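Data first, discussion second: the structure below is written as structure tokens.
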């Protein structure tokens with residue numbers, strides 16, 4: 001099987017996958033027949049997997065559920081904590097060790113690369129990308145509109161292409 005085809009059969013991992021944005025991304029991927037794992041503390045649903053930012057013992061769960069332990073890309077949604085950036089950067093390294101090379105960070109329009117919170121993760125992904133170690137994108141929305149086809153298309157392309 002060609003490597004490109006094999007990569008497209010690997011699932012995407014959506015962290016915070018049962019939240020407002022994550023659940024919509026999961027719905028869009030399912031409607032497009034794109035395999036995805038929906039990570040949350042509860043792990044509910046057919047494609048659900050238990051993942052808790054504050055319990056590193058759960059970080060391997062998505063890789064155990066994925067076929068051959070391979071995940072194509074990770075959509076990063078921050079945990080609700082003051083030190084979210086440290087945990088997120090540590091998880092990026094964890095995922096890279098297991099072969100994931102694409103990361104899409106959901107940040108915010110007011111947070112610059114190198115700034116506080118997601119700005120630190122943004123700068124870290126940029127650094128890794130500059131060294132050719134990852135493919136990355138940072139989405140910095142002001143807001144998401146439920147039926148906005150442009151936002152849906154941008155998110156889908158960042159995760160899948």
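Per-structure values
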| quantity | calculated |
| --- | --- |
| Ratio of the Cα radius of gyration of the range 19-98 to 2.2 N^0.38 Å, where N counts its residues | 1.07 |
| Gain in span if fully extended, residue 57 to residue 81, counting 0.36 nm per residue against the direct Cα distance | 6.8 nm |
| Volume per residue that the Cα convex hull of the range 20-65 spans, once the total is divided by residue count, Å³ | 70 |
| For the range 48-92, alpha-carbon Rg relative to the globular expectation (2.2 N^0.38 Å, N residues) | 1.17 |
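Just so you know, all these numbers are worked out from the coordinates, no wet-lab data involved. The structure displayed is predicted, hence computed values, not measured ones.
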